[in-house]
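For reference, the structure discussed in these notes is given below.
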Amino acid sequence: MKQHKLILGKCDYEGTGNAVNEAEIEWSLVDGKFSASAGIWNRAHRDYVACGQMVDEVANLFPENEKAQRICAIWKKWHLNDLNPGSPLQENFVAKMRESGQRPDYDTVKAKLAEAGLDPDESFLYQGKPYVYGTAWLKRELPPEVIAEIESWSD
């Protein structure tokens, strides 16, 4: 698996008044699966001060960096695109819940989907049966143009 890295430069992540923390975003695309993470290094560049699922936080530190902003936009929409608990209709329903400010847990999502007649989702068959939310990890295929864009990024 080829891991790619975008070094963004230094920032004052620790609030010392000095831009001494190098920031980076890493990503990979393997078999149509996109993954990304980010990190902020300590002054000595021996360990991370912060790292992980913080691509948006790191990209926000470099608002003028177009590549960082684009990686972040794709990450927000497609990160771990093969680990979706819901059918497309179910995922859209849950996204609207989140857009309205709700942060529902699994049981709440299940109850709301059932109330809306979306659990099970009769329009989405999985192994020959209407799909029940959370019973499998479903893959959302990346559009060809997104794959081509990701593949065009170089280190």
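The values are calculated or read from the model by the stated rules, or taken from the named source; none is laboratory data. Since the model is a prediction, treat every value here as computed from it, not as a measurement. Glycine also receives a Cβ, built like all others from the backbone with ideal geometry; neighbour counts cover every protein chain displayed.
Here are a few things to note about the model shown:
- Selection status of ALA95, within 30 Å of TYR126 (Cβ to Cβ) and in a helix (DSSP H, G or I): yes
- Each residue in the stretch 4-28 was checked for being touching a residue at least 60 places away in the same chain (Cβ under 8 Å) and under 14 Å from the mean Cα position of the chain (by Cα), and 1 of them qualify.
- Tally of residues being within 17 Å of VAL132 (Cβ to Cβ), within 16 Å of the chain's Cα centre (by Cα) and surrounded by 14 or more Cβ atoms within 10 Å (Cβ to Cβ) across the stretch 74-117: 5
- Hey, VAL30 of a type outside the set (D, E, K, R) and under 14 Å from ILE150 (Cβ atoms) or not: yes
- Cβ-Cβ contacts under 6 Å between residues 6 or more apart (or on different chains), taken from a first residue in the stretch 122-144 that is closer than 15 Å to ASP82 by Cβ and of a type outside the set (Gly, Ala, Ser) to a second residue that is in a strand (DSSP E or B) and modelled with pLDDT under 95, are listed as LEU138/ASN84; ARG140/ASN84.
- A search for C-beta distances below 6 Å between a residue of the stretch 29-46 that is surrounded by fewer than 18 Cβ atoms within 10 Å (Cβ to Cβ) and any residue that is assigned to a strand (DSSP E or B), counting only pairs 6+ apart in sequence or on different chains, returns ASN42/VAL49.
- Scanning the stretch 65-118 for residues that are basic (Lys, Arg) and within 25 Å of ALA148 (Cβ to Cβ) turns up LYS67, ARG70, LYS76, LYS77.
- Residue within the stretch 61-68 that is in contact with a Cys (Cβ under 6 Å, 6 or more places away or on another chain) and at pLDDT 95 or above present: yes
- Every residue from the stretch 17-28 that is among the aliphatic types (A, V, I, L, M) and buried (at least 18 other Cβ atoms within 10 Å of the Cβ): ALA23, ILE25
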